[in-house]
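A quick write-up on the structure given underneath.
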Amino acid sequence: MAATTGTATTGTGTGTAGAGGRTASADLAERIAAAVAALPDVAGLTAGPRGRVVTYRVGAPVTGVAVRDGRVEVGVVARFGRPLAEIGDAVRTAAAPLAEGREVDVLIGDIAGPADDDGADGAADG
């Protein structure tokens with residue numbers, strides 16, 4: 001199951017380009033990933049069913065956050081119980097202040113039940 005919920009725009013930042021831009025994008029992705037992963041209704045981050053929600057950098061990529069020129073995509077595994085639209089709004093609210101003016105798209109790639117909480121990080125990565 002994959003659900004995408006709306007977009008939000010905030011801030012006045014501009015994108016970055018070149019090799020330094022990749023570093024800035026990875027730093028931004030890490031900050032957004034940390035903020036979103038801390039939400040109580042998020043069991044983990046996911047690259048989505050096709051593995052495209054990722055920011056590449058030297059070393060391991062940042063899975064679950066894709067920083068693009070005009071938008072940030074965030075892929076999550078939601079905890080069962082709360083309506084998905086509310087979880088999507090909470091993810092967007094957490095990510096938007098960090099997105100440097102980019103729209104924030106949320107992909108709910110999977111839903112973790114109570115027994116799934118320990119291994120949610122790769123649940124929808126395929």
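The values are calculated or read from the model by the stated rules, or taken from the named source; none is laboratory data. Only a predicted model underlies this, so the values are computations on that prediction, with no experimental measurement involved. Methodologically, a virtual Cβ is constructed for each residue, glycine included, from the backbone with ideal geometry; neighbour enumeration extends over all protein chains shown.
Here is how the numbers come out for the structure above:
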{"quantity": "Single residue of Arg52, Arg68 found to be of a type in the set (D, E, K, R), touching a residue at least 12 places away in the same chain (Cβ under 8 Å) and touching a Lys or Arg at 6+ places or on another chain (Cβ under 9 Å)", "calculated": "Arg68"}
{"quantity": "Some residue of region 80-103 being charged (D, E, K, R) and buried (at least 24 other Cβ atoms within 10 Å of the Cβ)", "calculated": "yes"}
{"quantity": "Checklist (1) at pLDDT 95 or above; (2) within 13 Å of Val72 (Cα to Cα) applied to Ala37, failing item", "calculated": "(2)"}
{"quantity": "Residues located in region 58-73, provided they are among the basic types (Lys, Arg) and in a loop (DSSP other than H, G, I, E, B)", "calculated": "Arg68"}
{"quantity": "Subset of region 40-57 that is in a loop (DSSP other than H, G, I, E, B) and hydroxyl-bearing (Ser, Thr, Tyr) - its residue that is nearest to Ala78 (Cα to Cα)", "calculated": "Thr46"}
{"quantity": "Near pairs, Cβ below 8 angstrom, 6+ apart or cross-chain, from region 95-106 (small (Gly, Ala, Ser)) to any residue that is modelled with pLDDT of 95 or more and assigned to a loop (DSSP other than H, G, I, E, B)", "calculated": "none"}
{"quantity": "Identity of the residue in region 38-54, over 13 Å from Ala95 (Cβ atoms) and either of a type in the set (Ser, Thr, Tyr) or in contact with a helix residue (DSSP H, G or I) (Cβ under 7 Å, 6 or more places away or on another chain) (or both), that ends up surrounded by the fewest Cβ atoms within 10 Å (Cβ to Cβ)", "calculated": "Asp41"}
{"quantity": "Some residue of region 1-14 being within 24 Å of Ala115 (Cα to Cα), at pLDDT 95 or above and surrounded by 14 or more Cβ atoms within 10 Å (Cβ to Cβ)", "calculated": "no"}
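Let's see how each residue does on (1) at pLDDT below 95; (2) touching a strand residue (DSSP E or B) at 6+ places or on another chain (Cβ under 8 Å); (3) among the β-branched types (Val, Ile, Thr):
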{"residue": "Gly75", "(1), (2), (3)": "no, yes, no"}
{"residue": "Ala78", "(1), (2), (3)": "no, yes, no"}
{"residue": "Pro83", "(1), (2), (3)": "no, no, no"}
{"residue": "Glu86", "(1), (2), (3)": "no, no, no"}
{"residue": "Arg102", "(1), (2), (3)": "no, yes, no"}
{"residue": "Leu107", "(1), (2), (3)": "no, yes, no"}
{"residue": "Gly113", "(1), (2), (3)": "yes, no, no"}
{"residue": "Gly119", "(1), (2), (3)": "yes, no, no"}
{"residue": "Asp125", "(1), (2), (3)": "yes, yes, no"}
